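Single-structure report; data block below.
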Amino acid sequence: MIDSVEAYEESYLFRAAIEPTGVLSPSFRVDRTELNELRRRQQFIVDGGYLTMNSVELFEANSDFHETIAKWSGNRFIAQSVRRMDRLRRLVEYRQAKSRKPRQEQALEHLAILEAIAQQDVLRAASLLRDHIEGARRGKVHAQEIFPRGQ
């Protein structure tokens with residue numbers, strides 16, 4: 001369970017370890033249709049969707065991005081782990097959805113990762129993905145409103 005700031009931070013550290021590894025996997029294969037859909041959805045968020053989407057829609061767009069890339073790894077354990085982490089993070093992330101501007105910035109980072117993947121530059125994509133997760137960890141873990149007082 002993600003029931004404390006410490007557990008939340010641990011979840012980000014775990015994701016930073018496994019998600020970029022999936023991109024570097026020799027079995028990593030991109031589905032172009034899914035890539036185009038991820039790009040379209042992230043561009044919508046950048047273009048103002050972050051202002052109109054509710055917390056569930058924002059979370060789903062984010063989790064679909066990460067889960068799809070994990071699926072492309074071709075590694076069932078990475079894909080299952082990312083899916084499980086997203087389920088655990090759901091409620092905590094809903095609480096943070098009130099802050100809209102970071103959602104636009106995250107979508108811009110997602111687009112840069114997708115562009116590197118489209119160019120088959122997996123080293124760059126993995127590096128950008130790790131930086132993205134680390135940036136989210138630094139920005140979110142220390143936010144005071146993610147857990148009720150006393151946790």
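Residue check: is Gly74 under 21 Å from Ala112 (Cβ atoms) and either at pLDDT 95 or above or under 15 Å from the mean Cα position of the chain (by Cα) (or both)? So Gly74 fails the test. Taking the numbered list (1) touching a helix residue (DSSP H, G or I) at 6+ places or on another chain (Cβ under 8 Å); (2) modelled with pLDDT of 95 or more in turn, Met85 passes all entries but (2). Of the residues examined, Ala107 is not one that is more than 15 Å from Ile2 (Cα to Cα) and modelled with pLDDT under 70. Total residues in region 13-28 satisfying the condition of being touching a helix residue (DSSP H, G or I) at 6+ places or on another chain (Cβ under 6 Å), under 20 Å from Gln120 (Cα atoms) and not small (Gly, Ala, Ser): the figure is 6.
Any idea how many residues of region 130-145 are modelled with pLDDT under 75 and outside any loop (DSSP other than H, G, I, E, B)? Final tally of qualifying residues: 3. Close Cβ contacts (under 8 Å, 6 or more residues apart or on different chains) running from residues in region 29-54 that are without any contact (Cβ under 8 Å) to a residue 60 or more places away in the chain to residues that are among the basic types (Lys, Arg) and not in a helix (DSSP H, G or I) comprise Tyr50/Arg100; Leu51/Arg100.
The values are calculated or read from the model by the stated rules, or taken from the named source; none is laboratory data. Quick caveat, the model's predicted, so the values are computed rather than measured. Reconstructed Cβ throughout: ideal geometry from the backbone, glycine too, with neighbour counts over all protein chains shown.
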